[in-house]
1. Looking at A:227, A:260, A:214, which is the one that is more than 23 Å from residue B:97 (Cβ to Cβ) and touching a Phe, Trp or Tyr at 6+ places or on another chain (Cβ under 8 Å)?
2. Here is a check on your reading of the model: is residue B:154 more than 9 Å from every other protein chain (Cβ to nearest Cβ) and touching an Asp or Glu at 6+ places or on another chain (Cβ under 9 Å)?
3. Kindly evaluate residue A:169 against the criterion of being under 19 Å from residue A:26 (Cβ atoms), at pLDDT below 85, more than 18 Å from the chain's Cα centre (by Cα) and surrounded by 11 or more Cβ atoms within 10 Å (Cβ to Cβ).
4. Being surrounded by 24 or more Cβ atoms within 10 Å (Cβ to Cβ) and not small (Gly, Ala, Ser) is the filter here, so list the residues in segment B:225-239 that pass it.
5. Out of the residues in segment A:270-291 that are more than 18 Å from residue A:225 (Cα to Cα) and facing chain B (nearest Cβ under 9 Å), which is modelled with the lowest pLDDT?
6. Scanning segment A:101-136 for residues that are under 26 Å from residue A:1 (Cβ atoms) and either of a type in the set (D, E, K, R) or buried (at least 18 other Cβ atoms within 10 Å of the Cβ) (or both), which turns out modelled with the highest pLDDT?
7. Hey, any hits in segment B:67-76 for a residue that's among the aliphatic types (A, V, I, L, M), surrounded by fewer than 24 Cβ atoms within 10 Å (Cβ to Cβ) and on the phi > 0 side of the Ramachandran plot?
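The values are calculated or read from the model by the stated rules, or taken from the named source; none is laboratory data. Note that the structure is a prediction, hence the values are computed from the model and not measured. For neighbour counting, all protein chains shown are included, and Cβ atoms are generated from backbone atoms with ideal geometry for every residue, glycine included.
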Amino acid sequence: MLDQLFQFLVTGITIGSTYALVGLGFALIYNASDVVNFAQGEFVMLGAMTAIALLAAGLPLPLAAIGATLIAVLVGLLLERFAIEPALGASVVATIIITIGAAIFLRGIAMLLWGKDFHSLPAFSGDTPIRLGGATLLPQSLWVLGVTVALVALVRFFLDRTLLGKALLACSFNRAAAQLVGIDVRAMLRLAYGLSAGLGALAGILVAPITFSSYEAGVMLGLKGFSAAIVGGIGNPMGAVAGGLSLGVLESLGAGLISSGYKDAIAFLFVLMVLFFEPTGLFGHKTAERV
Amino acid sequence: MRLAGFYVFAVAVVLLPVLFPDNYFVTVVGIAAGLHVILAVGLNLLMGYAGQISLGHGAFFGMGAYASAILTARYAWPAPLAMFVGLAVAGLVAWLLARPILRLRGHYLAMATLGFGIIVHVVMVQATRWTGGPDGLTGIPALDLLGWPVDSDLRWYAVVAAAALLAIWLSLNLIDSRIGRALRAVHGSEFAAQMLGIDTGRAKTQVFVVSALFAAFAGSLFAHQQGFVSPDSFSLMVSVELVTMVVLGGMASTFGAACGAIALTLLHAGLVVFEDYEMLIHGALLMAVMIFMPQGLFGGLSQGARRLWRALRRGGDN
């Protein structure tokens, strides 16, 4: 029983890491622009699918991964330039629909390029499971965990210790004031989109050997990432990471102990409960609303 | 005078099948458009007037449809009774959900309603014993209105058109009632509305329940008309489409929502010829309309027309 619980925990943390990276991307974009980017999951899908395509074209795996991440970053920048920038200052509903439109558009392109079939990426270092007591661990899970930890640490360092990162955070506190002290707010916006597209794509590439990918794979991943950001208190990058991990673990426990068919329902029920009882998120700052 | 637009709309709806008999676009697409009108007009009460987004309205649509489907196909209940149960369930769920969910705002509200929609969808897929699971339920009998069987496309067109007109009429009257005025005050500034003595929580709850009832009503009709229901018809994408209809219509306009519903239904029927490109075009259009006409397709068009008219008049004066 304890072994089983441990197994669920390991699976949960692995999948939760993906949610954490997607949620981190959500938080970065939300900080810079007050926009919730519903196309975030599509970056995850694009990363995975492009890496698979580049690998099939004969590139070695590391190059395929880097190439796919760069392509996703480019798509993120194009999205910002042609869909978000022209609509700055639009209502919440309008930006939600714009980013949903972008998601459908990207999904449409992926379907044309790669069809409706599931594709998979070979595991980075073999499929021989590692035994840990009574539980088993795929080597790929270690890749997911390791890279996630490294990326989160990098983002944290970037936001806390570099001038550029601080400028990005300044935009989230007060955009007008940031502009007044000489921060190029538009450039920060581009930075946020590029960065979160890259994070999403890396998450997709990391998890593709475990979960497979298809043109639709981004929908649920994007929504879970959004949930992670909300649970963590929207706009709080490290909160999003914590939110993603807790969501992943809860989902995996729910799937194992209750019913795997209902795992998405369990995850969203958790999100609803958090919103009902702690509407600013579990790790968010308490803020008063201005009238 | 207040209902002038309504009469024009009603005449157009009646004339269409007379002018274009046996036209696929009028009857078959028209039925879908009519159901969408009911859904969009209901959602518009919540979004356009009370200013609360719901990305989970497909769930209430589904509750109405599944209540009718399960009770009539499996237990041979009479259709009106099944429809009543669907309305009651959707209304009750909306009422229970309204207070906690409508306290949230903006993206939090979007997330919560979205989550609710997904939970209901998962139940439709998983509760196989009741819902038939992903394959859905078949064998739902056609409606029978006091011995008049609704069994042809044209008859369905008539029933759905009548229902859609009823929905528009109800919505127009509701907006001009005391509740409607309270809602508009909530949309303007919830805080100011409270200061004026409006019980904003109650007003929002009422409109949430009403718009859920509209959706469940459309769901019941949909189930009987299709003779078949499956979870696909009530997915997240459907909820997103409904929101898009309201926004396309410019929000806060009953006719806008109705026109948005009709426009999007026609768009889908038209995009089918593009087959694999449908998704791509659909996404691009959504972005383009919101970027270039954030006040909605009809707001944008009518503003353009007004500008053109003014320019023409000025040209005439000179």
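1. A:214
2. yes
3. For residue A:169, the condition - under 19 Å from residue A:26 (Cβ atoms), at pLDDT below 85, more than 18 Å from the chain's Cα centre (by Cα) and surrounded by 11 or more Cβ atoms within 10 Å (Cβ to Cβ) - is met.
4. B:229, B:234
5. If we take residues in segment A:270-291 being more than 18 Å from residue A:225 (Cα to Cα) and facing chain B (nearest Cβ under 9 Å), then A:291 is modelled with the lowest pLDDT.
6. Looking at residues that are under 26 Å from residue A:1 (Cβ atoms) and either of a type in the set (D, E, K, R) or buried (at least 18 other Cβ atoms within 10 Å of the Cβ) (or both), I get A:131.
7. Yes, there is a match, as at least one residue in segment B:67-76 is among the aliphatic types (A, V, I, L, M), surrounded by fewer than 24 Cβ atoms within 10 Å (Cβ to Cβ) and on the phi > 0 side of the Ramachandran plot.
Residues checked against (1) closer than 26 Å to residue A:119 by Cα; (2) within 12 Å of another protein chain (Cβ to nearest Cβ); (3) free of Cβ contacts under 8 Å to residues at least 40 places away in the same chain; (4) not acidic (Asp, Glu):
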residue: A:189; (1), (2), (3), (4): no, no, no, yes
residue: A:198; (1), (2), (3), (4): yes, no, no, yes
residue: A:204; (1), (2), (3), (4): yes, no, no, yes
residue: A:215; (1), (2), (3), (4): yes, yes, no, yes
residue: A:240; (1), (2), (3), (4): no, no, no, yes
residue: A:260; (1), (2), (3), (4): yes, yes, yes, yes
residue: A:263; (1), (2), (3), (4): yes, yes, yes, yes
residue: A:268; (1), (2), (3), (4): no, yes, no, yes
